[in-house]
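One structure is given below, encoded as structure tokens.
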Amino acid sequence: MSRSVCRLAAALLCSTAAAHAAPSPRPDEAEARAAAVLTQMTPQERRVLLRGYVPYYAPARLLGAPNSAGVVPGVPRLGVPNLTESDASLGVANLGGVMRAGDGATALPSAAALAATWDPALVEKAGAAIGAEARAKGFNVLLAGGVNLVREPRNGRNFEYFSEDPLLSGTLVGHAIRGVQSNAIISTIKHFALNAQETGRGGLSANMAEAALRESDLLAFEIGVEIGRPGSVMCAYNQVNGVYACENSFLLNDVLRRDWGYKGFVMSDWGAVHSTSIREGLDQESGTNAKKPALFGEGLETALASGKVAQADVDRAALRILTSMYRLGVVDRPVKAGEPIDFEANGRVAREVAESGIVLLKNEGQILPIGTATQRILVIGAHADVGVLGGGGSSQVLPVGGAALTLPLPGEPIYHKKMYAPSSPLLALRALRPGSSVTYDDGTDPARAAAAARDAQLVVVFAEQFTAEGKDVPDLSLPNGQDALIAAVAAANPKTVVVLETGGPVLMPWLDKVSAVLEAWYPGQRGGEAIARVLTGEIDASGRLPVTFPAAVDQTPNPKLPGSDRGQPRGDAGLYDVAFDEHFPVEYPEGADAGYRWYDRTKAKPLFAFGHGLSYTRFAYSGLELAGGRTLTARFTVANVGTRPGTETAQVYARVGGVKHLVGWERVVLKPGETRTLSVTADPRLLAAFDVKARNWRVAPGAYAVAVGSASDAPRLEGEVRLTGSRLRP
Ligand code: BGC
């Protein structure tokens, strides 16, 4: 079907979320159906559901399954389909590295960009779009929902995660999952839990006291599970407090199932299983090879024969898998590969996310937006003439239309290649400024770039940092001499604007010398257009930082990256590589106080604070009214007092145990002169401490300081509220 026909018939024929929005069976009904079908299965058929394969290494009868991350055999005689799995949160990926032309999918901006929108509805829309594509490509499981908290700014996978805050991360991942699953497919939430760095992820033990864990990383998962109700939870590679996450009965049985009442199934990360840990709470081993024994294959048979595992254990795991399949519509509405996809519509969603997630960090003398009087613009660097960078690893999406540029990194595995989505900021800027001269220098020779900068009225330097799964970056500096390039250009022309395409925070030694900085993250399929539209003020700059940007690595809780002395920096990207099974402890001095809370606690001033982001207009805050009791509600008014339409994200923070906690926010779009009264009620868990003995949240009675503002370090209204002491569960 052609795209235009697809657009006309979208509601009926094409793979959009709406096309599959028929109601799913209620959970109890789903469980009853799952139980009924289970009774008709032989013991062998039940076991089959518990072992997934990498499609390339699957048994012969599954070789026709769509080729991506995984496949789990179903039971065709009973109408139970295979589970067909593809990565990930940022679009439908294609088996890390083995990407064929024609496999393209909409490449969303990174999760950091999604988080910078602070917009749950938009994140849900993005999830619905990529879920629709997964479905249309024949996948009924999307390995999405990455929600590990950003604790380590050098983590190579931060671009796949949302933020450093449990409320922001949990809320957004929940909505992303809801969007994906609106297509009658399963989404995961991952990687459960505390997979905060890539260096040594296969063997390290992430150590944290239970209360701190419950109040931070686990809280992000808890909120995500409540809002998104994912069909599956993916357990992580690492150990948590000395026990591998996929055999961690505390995490899987006690926290997830007993305390949170989770009814779906737990699948392992690929190669993360170390024992036949079905009693510890794992239901399904992922990514095995049919030609080799597997713990949830032959291992399970041996354990059953010896009595270490009972048939009832297998039945329980199979029931959980089947229940999710029935609940989400996987059985009733089977997927079929080759359905048409409305890439045009989904591309618009990708652009909207990129536009909403770009953060204006600095704008001296209101140099941005670029006015029409600026006639000679020079664009420099980062292949801005052809496209925008994306992150590497299993989540890498081959963009629709093919990559604009692919650069393998010498000495690195194939899935660590730099790939640029075909959306050129240079061409987009030219299209928006037809009357101006917009020229390009590739930035490889700083002296030449600086000479060209002297003749320009305004310079836009693009700078990039490639990050990828499996590796962390060795430091927070822009690689490959880009700091020197920016410094040389800014010295030649102070009207320099820097656009960053990075996985997360970077240092900016040239910050005082440049006029403006935009953080564009990895901006995805239509990122070039989004950047140009923000630069020229077609739309407001509306993103807000979901992570703190440190002023120096010494400010971070672990100035030396844990495990970094165990491997060698390798390859062009200077990334670390540590043997997968190396055991070493990782301690978290910040405990529950990840990100901005750590900076608050240590009184360190970061380069840019969590929540920071400038707009092209100005907002006034007034009329704070606080109500207390069991939780707090803040009512206040925000007015657009500038001359342009704009978007404000008003953030509410409370001091809990002396440390600032984000307890809610509201994002509003206001015309000049427009005023809105907003009301934010805190989820009491953000005001509480977790009482391990009582297994309950406890809010201490007393007075709480509250600040409402435009960033974690920019209070605009302050007050105090009294809370009655309470426990959250009766
Ligand atoms: C990653 C997961 C991914 C899986 C399948 C693993 O290496 O950690 O996030 O879903 O591979 O590709």
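General observations
- With Cα atoms, 0 to 90° folded angle of helix 27-39 axis to the chain main axis: 40 degrees
- Placing +1 on each Lys and Arg Cβ and -1 on each Asp and Glu Cβ, with no other charges, gives the chain a dipole about its Cα centre of roughly 1280 debye.
- For trypsin sites (Lys or Arg not before Pro), the sites in region 490-570 that DSSP calls loop and that have at most 16 other Cβ atoms within 10 Å are Lys560.
- Stretching the chain fully between Thr42 and Tyr56 yields a gain of 2.4 nm (0.36 nm per residue, less the alpha carbon separation).
- Region 470-565 - percent of accessible surface contributed by carbon and sulfur, probe 1.4 Å: 52 percent
- Pairs spanning more than 20 Å between alpha-carbon atoms, out of Lys417/Lys471; Lys292/Lys471; Lys362/Lys605; Lys190/Lys417: Lys292/Lys471; Lys190/Lys417.
- More than 33 angstrom apart: percent of Cα pairs within the chain: 48 percent
- Principal-axis tilt of helix 482-492 within the chain, Cα atoms, nearest 10 degrees: 20 degrees
- Reciprocal mean inverse distance between Cα atoms of region 619-727 - Kirkwood radius, Å: 14.5 Å
- Percent accessible area from carbon and sulfur atoms, region 279-429, protein chains only, probe 1.4 Å: 56 percent
- Residues of region 694-730 falling in the label zone of Lys605, defined by backbone nitrogen less than 11 Å from a point 7 Å along Cα to beta-carbon, are absent.
- Extension gain, Arg727 back to Arg698 (0.36 nm per residue minus Cα-Cα distance, nm): 10.0 nm
- Whichever aspartates and glutamates have a C-alpha closer than 17 Å to that of Lys693, once near sequence neighbours (fewer than 8 apart) are set aside: Glu210, Glu215, Asp254, Asp259
- Unit charges on C-beta of K, R, D, E only; dipole of region 428-561, Debye: 320 debye
- Solvent-accessible heavy-atom area per residue, rounded to whole Å², over region 44-146 at 1.4 Å: 27 Å²
- Computed from Cα atoms, the angle from the helix 166-181 axis to the main principal axis of the chain rounds to 60 degrees.
- Only protein heavy atoms count here; on that basis, with a 1.4 Å probe, Phe608 has an accessible area of about 20 Å².
- Tail fraction, Cα-Cα pairs, region 81-200, threshold 26 Å, whole percent: 16 percent
- Overall, the ratio between the Cα radius of gyration of region 566-690 and 2.2 N^0.38 Å, rounded to two decimals, is 1.48.
- Sites matching trypsin sites (Lys or Arg not before Pro) across region 290-367 that sit in DSSP coil, with at most 13 neighbouring C-beta atoms within 10 Å: Lys291, Lys336
- In region 210-270, the trypsin sites (Lys or Arg not before Pro) that fall in loop regions by DSSP, at most 13 other Cβ within 10 Å: none
- Computed 3J(HN,Hα) for region 309-321, one whole-Hz value per residue from the Karplus formula 6.51 cos²θ - 1.76 cosθ + 1.60 where θ = phi - 60°, is 10, 9, 4, 4, 5, 4, 4, 5, 5, 5, 5, 5, 5, glycine and proline marked x.
- Accessible area ranking (1.4 Å probe, heavy atoms, ligands and nucleic acids excluded), largest first, for Arg448, Arg644: Arg448, Arg644.
- FRET efficiency for Leu407 and Thr372, using Cβ-Cβ distance with R0 set to 30 Å, rounded to 0.05: 0.25
- Label-zone membership for region 545-565, site Glu718, 7 angstrom Cα→C-beta point, backbone N under 17 Å: none
- The label point for Asn207 and the one for Thr677, both projected 7 Å from the Cα toward the Cβ, are 5.3 nm apart.
- Heavy-atom surface of region 445-516, accessible at 1.4 Å and reported per residue (Å²): 31 Å²
- Calculated FRET efficiency, Lys513 to Phe584, Cβ-Cβ distance, R0 = 35 Å: about 0.30 to the nearest 0.05.
- Rolling a 1.4 angstrom probe over region 619-727 with all protein chains present gives an accessible area of which 49% lies on carbon and sulfur atoms.
- Amide H partners (placed H, <5 Å) of Arg716, local residues excluded: Val708, Gly709, Ser710
- Global dimensions of region 343-535 from alpha-carbon coordinates: Rg and Dmax equal 15.8, 47 Å.
- Rolling a 1.4 Å probe over the heavy atoms of the protein chains gives region 250-317 an accessible area of 39 Å² per residue.
- Computed E for Arg655/Ser249 - FRET, C-beta separation, R0 30 angstrom, nearest 0.05: 0.25
- Of Leu507, Gln525, Tyr420, farthest towards positive along the dipole that unit charges on Lys, Arg, Asp, Glu beta carbons give the chain: Gln525
- Residue (of Leu149, Gln197, Gly179) at the positive-pole extreme of region 137-202, dipole from beta-carbon charges: Gly179
- Point-charge dipole on Cβ atoms (K/R +1, D/E -1) for region 343-535, about Cα centre, debye to 20: 480 debye
- Taking amide H positions as modeled 1.01 Å from N, with prolines and chain starts lacking one, the residues under 5 Å from Val80 and 5 or more places away or on another chain are Val75.
The values are calculated or read from the model by the stated rules, or taken from the named source; none is laboratory data. All of these numbers come straight from a predicted model, not from anything done at the bench. Neighbour counts run over all protein chains shown; Cβ positions are idealised from the backbone, glycine included. For accessibility, only protein heavy atoms count, side chains too; no ligands or nucleic acids. Shrake-Rupley method; radii C 1.70, N 1.55, O 1.52, S 1.80 Å.
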